[in-house]
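What follows is calculated from the coordinates using simple rules that are stated; it is not laboratory data. Only a predicted model underlies this, so the values are computations on that prediction, with no experimental measurement involved. Don't worry about glycine lacking a Cβ; one is built from the backbone with ideal geometry, like all the others, and counts go over all protein chains shown.
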Amino acid sequence: MDYSVTLPGHRVVPAPRLALNVDVKFSLVRALETHVAQLEREAAGLQHSANSVAVALVSRLAHATLAADSPSSTSFFLSSLSPAFFLRPSCPPLLISRIKPDVSQPPSQPRQVRTPPRDGPTISTNLGQIPPAALDQMIWNYTNIHLPQYPCVQEQWLRQVFSRVFAVHGGDTDAALTLGIPPESGLTHFDYFVAFVSLAISSITLTWKNENQARTASDAFFAISLQHLRLVSGATEIQKLQISLLLAHYAHMSPGKVDNWACILNGVRLALELGLHKRPPELASHGQLFWVLYGMERSLCTLLRLPLSFPEECITASLHIPNFNAINNDDAKRQSSATHLYRLRAMETEIYRVLYLQDPKAQGDLLNVDSWIISITNRLDEWLETAKGFSKYQMFEFRQVQHSSVKSRVYRPTPRLEIRTPEDRRTCFAACSALVEDYQQQTKRRRLFYPWHAVHILYEAAIVMLEACWALRDYVPARQEARQILAVTIPDCLMLLTKVGESWNDAALCSKYLMPIVDEVTVAFRVRIMAGIVAPHKVPEAETSEKLRKLLFPEGPPSWGAPMSSESLPSEPEASAPLLDSSALGGLEEFNWDADWNFLQDVSPVFPRDAPGASN
């Protein structure tokens with residue numbers, strides 16, 4: 001006999017057949033939550049076992065059980081277990097996610113957030129005590145540069161929220177947590193969450209001014225935002241979607257703290273339930289949310305080589321694409337930046353469907369793949385030229401990286417075109433060299449604030465260059481170019497990964513993992529082109545080719561949690577940053593607001609490639 005459960009505000013859903021054949025009570029969900037919580041506690045003791053899958057299985061079961069059907073839940077976190085699903089590190093590149101660290105090395109201590117020297121008075125993240133000039137600059141930085149590119153909320157609404165927040169309790173934002181939010185203020189914990197997470201996103205992009213201070217401020221603002229998020233009640237489905245997108249945006253910048261894919265997956269579920277992909281939205285802002293989600297979801301799927309969450313053909317929601325070069329109004333031009341980013345994500349998706357998923361419908365009218373390659377290359381080049389027009393608004397700083405990384409995917413070996421010509425590989429050399437050079441410039445200026453994308457892009461670029469050098473070892477016209485790539489560009493790429501590893505540990509794992517195969521290819525290449533040289537540890541060429549193939553075409557799904565592979569690294573990496581827990585949210589360590597933040601002349605200076613200070 002089957003049973004069904006009807007909860008207030010929920011549709012009727014079939015309940016599982018019970019072994020004892022008793023009536024299902026309305027407290028079924030609460031009972032399941034309690035039982036799963038007990039399972040989590042019992043499994044906690046197994047977390048240090050690298051070969052145990054119990055924790056991963058229980059965690060997945062808990063999430064599937066609690067989140068399977070809860071469209072009317074008024075809280076973003078469905079239970080006390082839900083934060084563990086969102087507040088875990090984002091997924092690193094596929095092979096890195098399954099590496100088993102060398103157990104012979106002593107475990108290192110968990111990475112602690114570095115705090116700046118205390119050479120002045122200290123204050124908390126209470127917005128009423130932050131220097132007004134610093135706060136104004138952070139709000140301006142977010143609303144004028146980052147929000148237009150990722151419009152998760154409306155600028156006018158956000159500014160009104162900040163105005164009201166400063167009026168409540170005399171601007172004492174700590175009191176909103178200790179004393180509560182006065183009903184007459186018109187504010188909710190959702191409003192406070194958005195305010196603080198936007199400051200967390202904004203402050204981490206100010207690393208060019210003071211890296212330690214910017215990161216510490218961002219960590220502190222984010223921890224406060226989570227306190228408010230746990231208190232959100234009565235959230236609408238649109239608000240839950242906004243929360244998911246804001247968390248995903250933050251995760252791109254702090255991948256060690258939040259799982260961007262979990263946030264985006266939750267956003268996909270909400271958007272599809274609301275039908276935002278099909279019908280004209282009731283409000284234009286709701287349509288914007290779908291396209292923000294589209295850009296994030298497509299970017300992750302193509303980087304992680306995942307199936308698309310929803311096919312392109314099911315999208316009937318309209319997107320107005322203006323003539324960007326004809327827009328003369330500065331505000332309108334800034335607001336159009338999001339649409340220009342969606343254009344890149346659409347081309348990224350098209351490339352993924354044609355060359356990786358081998359979808360016959362993706363080429364459109366271009367039946368010949370060579371004609372399609374010419375077409376997509378021209379469109380990418382046109383996108384880059386248009387993106388340059390946004391530079392005066394301090395937008396698309398990573399346009400060269402974005403263009404070059406996507407272009408390299410067109411010309412590298414893929415499931416559709418596994419054998420590429422020497423000219424294709426030289427095109428990959430040029431594209432990968434350009435993105436490495438651009439990342440170097442961004443790193444010198446302390447502006448590499450999207451580490452999740454940087455790690456995946458640099459890791460793939462290193463592999464593509466390495467395989468191209470190996471494939472061209474007998475091709476004399478490209479020999480000098482390949483030697484430069486092996487001797488300079490790939491080592492620079494690994495150094496960048498190590499640098500990013502200072503803020504996200506998995507980046508350093510990427511560099512360590514690739515070093516042995518880089519040395520192997522370098523030795524073999526030197527032996528091949530220099531007659532008479534003796535290599536005592538030369539690896540058979542077939543073995544090297546197979547290793548490179550596995551790097552180009554890794555198999556299996558991304559992996560979260562404890563690594564399961566038998567592979568090991570040359571040395572023990574840093575331990576992953578611990579997940580935020582309730583104790584971490586209780587008392588924030590104070591930090592010093594440098595007096596210079598009162599006198600910022602320019603939030604985000606632009607360094608054109610030909611500017612005098614660009615190479616300093």
- Query: If you bin the C-alpha pair distances of the stretch 427-557 every 5 Å from 0, what whole percents do you get?
  - Reply: 2, 10, 21, 22, 20, 13, 8, 4, 1, 0
- Please report how far the C-alpha centroid of the stretch 254-283 lies from that of the stretch 159-184, rounded to the nearest whole angstrom. 29 Å
- Task: Sort the following peptides by mean Cβ neighbour count (other Cβ atoms within 10 Å, averaged over residues), highest first: 219-231, 180-192.
- Result: 219-231, 180-192
- Message: How many angstrom lie between the Cα centre of the stretch 314-385 and the Cα centre of the stretch 190-253?
- Response: 30 Å
- Message: Here is the link list: LYS333/LYS388; LYS278/LYS333; LYS444/LYS499; LYS499/LYS550. Which ones come out longer than 22 Å on Cα distance?
- Response: LYS278/LYS333; LYS499/LYS550
- Item | Footprinting exposure proxy for HIS277, HIS286 (fewest neighbouring C-beta atoms within 10 Å first) | HIS286, HIS277
- Taking the inverse of the average 1/r across all pairs of different Cα atoms in the stretch 203-344, what Kirkwood radius in Å do you get? 16.9 Å
- Task: Sticking with the crude label model, points 7 Å out along Cα→Cβ, report the distance from ARG528 to GLU312 in nm, one decimal please.
- Result: 3.5 nm
- Item | Rg/Rg_globular for the stretch 367-428, with Rg_globular taken as 2.2 N^0.38 Å and Rg from C-alpha atoms | 1.28
- Could the peptides 307-320, 85-98 be put in order, highest first, of the mean number of other beta-carbon atoms found within 10 Å of their residues? 85-98, 307-320
- Most packed first (mean Cβ within 10 Å per residue), the peptides 451-459, 205-213, 321-329 order as 451-459, 205-213, 321-329
